[in-house]
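Working notes, beginning with the structure itself.
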Amino acid sequence: MITTRLPSVLVAFFMVLSVLVSSGCMQDDSSKDSDNDGHSNKNDAFPDDPDEWVDSDGDGIGDNSD
């Protein structure tokens, strides 16, 4: 009896998951941009500072202020 309901439960689970992912309820971390500067957190050396995103010389000060 349980094995006959398993496929329908799996289908329902994946349908709910796809709705959550496509609606933005589950955001992909690689595209998240916390400071809305146009650079994803993955590629942003300063993910919480909208004025800085790169630190080419590695001194902890962004290139825009350096």
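Table for the structure above
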item: Number of positions in segment 39-66 that are without any contact (Cβ under 8 Å) to a residue 12 or more places away in the chain and part of a loop (DSSP other than H, G, I, E, B); result: 12
item: Segment 8-19 residues that are in a helix (DSSP H, G or I), paired with ones that are not aromatic (Phe, Trp, Tyr) (beta carbon under 9 Å, 6 or more apart); result: 17/26; 19/25
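Coordinate-derived values only; no laboratory data. In this text, all values refer to a predicted model and were calculated from it rather than measured experimentally. Cβ coordinates were reconstructed from backbone atoms using ideal geometry, including for glycine residues, and neighbour counts include every protein chain displayed.
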